[in-house]
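To start, the structure itself, in structure tokens.
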Amino acid sequence: MKLHYLFYFFLGMVTTIHAQDPIYDFTFTGGFQGWTPNSVECEGMESDKAMWLWVDDGIIDQGAYSNYGLMNSRTPESGVVVLNSDFLDNNGLDDNIGQGDCPSPQIAELISPSLDFSNEDSVFLSFNQLYYRFIGYRIAGGEDEADKTATYVEISNNGGSDWAEIPVNEKLRTYRATQNYKGELTLDISQYAAGESDVMVKFRWKGDYYFWALDDVRLYGGRKDDLEVAAFKYPVSNFETPKEQIKHDTLRFVADVVNLGSQPVDSAYLYVILQGNDDNNRGEYFRDSLLIQDMMTNDTMEVELPNYFTTETLNPGAYAFVYRLRNTKRPVEVNLANNIRADVFLISEDTFRKSDRGDGRGFRFEKESIIGNYYEINENFDEQILLDHISFSAFPTGSNKLAGKEVVAYLLKIDDDVAADLSDWNFTDPTSNKKTIEGIGSYIFTAADDEATDPNHRFIISDFVNVNNPESPIVLEPGSRYIAAIEYGSAALDIIHNLSERIIYYPTAFGSEQFSTMVYDGTDNQWYINGFGSGFVAVIGLGIDIEMTPTENLLSDTEVKIFPNPTSDFIQVRMNLDRPQKVNVFLSDVSGRMINMIDRSRFISGTIQVDVQSIPAGTYFLNVTSEEGRRTEKISVIR
């Protein structure tokens with residue numbers, strides 16, 4: 001998923017009164033500006049074809065499989081430089097992999113002119129970048145550095161005779177691109193460059209797809225002004241949550257901010273914005289800020305924004321939360337990208353997920369083990385929630401195959417009397433004692449599964465047995481806690497469960513709402529409720545169905561009136577009950593898919609308004625339920 005927000009949307013607000021000017025500033029306006037492209041090899045063979053490109057309009061669209069559009073840098077329209085492995089390998093033609101002028105992997109260099117820092121006590125290199133990764137460098141039957149980065153910075157202080165290597169983007173995984181806060185890197189190269197008169201900088205590509213684009217390479221004699229949003233709390237419990245489950249959530253916004261500059265910061269503001277992240281929804285839903293004062297050099301502060309946001313008004317779709325940190329003196333900082341951190345979450349109809357996809361990495365179990373994700377059902381939801389499926393992602397080790405192997409899936413319920421932080425849970429029994437198996441299923445891999453190389457691919461288990469009542473569906477209870485889990489038995493130990501490194505949850509700092517992946521390790525017969533650590537999230541999703549709770553009692557015309565019908569904008573539900581009670585209003589389409597839900601606690605009389613302005617014309621059903629009965633009406637929406 002692409003994160004939509006304006007990267008440098010505060011750049012126009014800064015002034016240059018307090019700016020620290022770079023000693024050298026290469027914007028690549030008009031060309032390479034004295035930098036020298038140097039081809040080393042193509043597909044393991046010496047070649048002069050592995051060349052960096054200068055792109056006059058800053059648009060990255062040369063390769064067949066990596067059209068990224070305009071680079072997000074300080075001055076993209078005046079030109080950028082790019083090593084486009086995708087383009088070199090296929091000449092920009094689909095179905096031409098390996099047939100281009102320079103088949104991958106490639107090794108290519110971009111070398112600066114000589115730079116003089118003889119009068120500097122410190123030197124910092126800062127540059128804009130966009131790296132879209134497949135793998136590092138691998139030659140069949142030869143050198144294998146596939147797990148390493150393809151991107152390196154090298155520094156020489158003797159005119160290019162010797163080079164010190166600095167790998168960059170080492171944590172980026174396959175099919176990932178640099179997130180926007182990594183779109184500008186700042187490196188302290190003082191140990192190589194300070195006091196030296198003949199310094200050279202080299203950008204070196206050594207890899208296989210897709211590209212590395214660079215712009216606005218700047219070198220500073222210090223790091224006077226540089227604030228950073230170093231980390232943040234993911235404000236929701238899951239990457240994806242059904243609408244009717246997230247609507248009662250309260251989002252708290254917490255971030256760590258750091259003064260990386262050499263000067264104290266008298267005051268700065270931390271802002272957060274919650275906005276739509278779909279092409280048809282970029283609206284703002286929440287904004288907050290807090291003044292931070294007296295930050296000394298290298299100070300790190302945990303900042304909690306004062307206000308909260310409840311998600312009741314959010315409909316299914318994608319949403320972005322954006323943290324922005326701004327010095328009130330508004331200097332042009334050495335690094336602008338690290339002032340902003342952002343991520344997204346999804347609201348769907350019927351799916352829980354902890355991450356968007358896996359990163360093709362995982363841990364191999366030595367003995368039978370269970371890995372699962374923690375999901376909590378909202379206590380305020382009264383309708384019946386049924387287990388539909390559990391999804392997961394896995395891949396075999398080495399040359400092994402998935403076909404014929406079997407894994408077991410569990411829906412485990414944590415006992416209601418267990419503490420919220422699980423401190424009194426039983427950690428030694430895998431599926432009993434303070435936990436109960438609610439449903440059990442299995443998945444037998446086929447030969448077709450071995451062909452599923454897309455990291456987004458998920459295997460689906462939808463056939464479950466209700467252990468407690470085999471003739472009934474599996475019901476998830478409001479307020480209860482569940483683990484959607486996959487067990488790898490002795491015959492499946494050469495299968496790796498796919499993990500994601502994209503989202504970090506912090507259960508030890510923020511409580512049960514941040515529980516994510518849990519692991520039962522058969523080697524030491526122990527549950528680990530923090531799994532492999534906060535940075536690793538299992539690809540295991542939970543799909544649900546929502547059924548209206550049956551009732552034989554009907555609400556009378558005196559108790560509820562629904563109007564107008566037909567309607568084009570709003571449905572009014574006027575109620576007059578004899579006592580305070582919980583009321584739910586559901587709007588669904590003819591297939592039974594829930595479109596909107598509104599609930600009120602201790603409601604006795606008044607009007608509930610249902611917004612239908614954004615849904616297509618057609619026939620819908622409005623269901624009104626209370627503790628005393630139900631009313632259903634067919635609604636016509638006209639345009």
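Only the coordinates and a few stated rules stand behind these numbers; no lab work does. Values in this document were obtained by computation on a predicted structure and should not be read as measured data. Cβ coordinates were reconstructed from backbone atoms using ideal geometry, including for glycine residues, and neighbour counts include every protein chain displayed.
With +1 assigned to the C-beta of every Lys and Arg and -1 to the C-beta of every Asp and Glu, and no other charges, what is the dipole magnitude of the range 21-220 about the Cα centre in debye, to the nearest 20? Mind dumping the intermediate values first?
Working: 13 positive and 34 negative charges, 105 e Å.
For this selection, approximately 500 debye.
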*For the range 360-547, what is the Kirkwood hydrodynamic radius in Å, using each pair of distinct C-alpha atoms?*
16.9
_Spin-label model distance (nm) - D578 vs F363, 7 Å beyond Cα toward Cβ_ = 5.9
_Estimated D of the range 560-637 in µm² per second, where Rh is the Kirkwood radius over Cα pairs and Stokes-Einstein applies at 25 °C, 0.890 mPa s_ = 195
*Leaving out same-chain residues fewer than 8 places away, which lysines sit with a Cα under 19 Å from that of K243?*
K354, K582
*Have a look at the chain and give its Rg and Dmax from the Cα atoms, expressed in angstrom.*
28.1, 91
*Show that you can apply the helix-only estimate: for the chain, add -39,500 (n - 2.57) for every DSSP H stretch of four or more residues, divide by all residues, and state [θ] at 222 nm to the nearest 500.*
-500 deg cm²/dmol
_With every atom except the alpha carbons ignored, what do you get for Rg and Dmax of the range 207-334, in angstroms?_
17.9, 54
*Quick one: plug the Kirkwood hydrodynamic radius of the range 363-416 (C-alpha pairs) into Stokes-Einstein at 37 °C, 0.692 mPa s, and report D in µm²/s.*
221
_For a quick check: with amide H placed at 1.01 Å from N, whose amide H comes under 5 Å from I292's, ignoring anything fewer than 5 positions away on the same chain?_
A268, Y269, L270
*Relative to the present Cα-Cα distance, how much length would full extension add between A452 and S399 at 0.36 nm per residue of separation?*
17.6 nm
*Semi-axes of the range 417-494's equivalent ellipsoid from the Cα gyration tensor, sqrt of 5 times each eigenvalue, largest first, rounded to whole Å?*
28, 17, 13
*Would you mind estimating how fast the range 21-220 diffuses translationally, via Stokes-Einstein at 10 °C and 1.306 mPa s with the Kirkwood radius over Cα pairs, in µm²/s?*
94
_Rg ratio (alpha-carbon, reference 2.2 N^0.38 Å) - the range 599-639_ = 1.38
*Name the lysines eligible as straight-distance cross-link partners of K148: C-alpha to C-alpha under 21 Å, and not fewer than 8 places from it in the same chain.*
K171, K182, K202, K206
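If Lys and Arg each add +1 and Asp and Glu each add -1, what is the summed charge of the other residues whose beta carbon sits under 13 Å from the beta carbon of P37?
+1
Do any trypsin sites (Lys or Arg not before Pro) in the range 301-392 lie in a loop, going by DSSP, with at most 12 other beta-carbon atoms within 10 Å of their beta carbon, and if so which? Each step should come with its number before you reach the end.
Values: sites: R324, R326, K329, R341, R353, K354, R357, R361, R364, K367; in loops: K329, K354, R357, R364, K367.
The qualifying sites are R364.
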_When a/c reaches 1.5 or more, the comparison of a/b and b/c decides; with that in mind, is the range 41-88 rounded, prolate or oblate per its Cα gyration tensor?_
prolate
_What percentages make up the Cα-Cα pair-distance distribution of the range 475-634 when the bins are 5 Å wide from 0?_
2, 7, 13, 14, 12, 9, 8, 9, 10, 8, 5, 2, 1, 0
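Using a Förster radius of 41 Å, what is the FRET efficiency between E284 and K561 based on their Cβ-Cβ separation? Nearest 0.05, please.
0.75
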*For K434, which lysines qualify as cross-link partners when the Cα separation must be under 16 Å and same-chain residues fewer than eight apart are set aside?*
K413
*Mind putting a number on the dipole of the chain about its Cα centre? Charges go on the C-beta only, +1 for Lys and Arg and -1 for Asp and Glu, and I need it in Debye to the nearest 20.*
1320
_the range 468-502: GluC sites (Glu not before Pro) falling in loop per DSSP and having at most 12 other Cβ within 10 Å_ = E471
*Would you kindly state how much longer the chain becomes between N119 and E165 on full extension, computed as 0.36 nm times their sequence separation minus their alpha carbon distance, in nm to one decimal?*
14.2 nm
*Residue (of T300, S85, L115) at the positive-pole extreme of the chain, dipole from beta-carbon charges*: T300
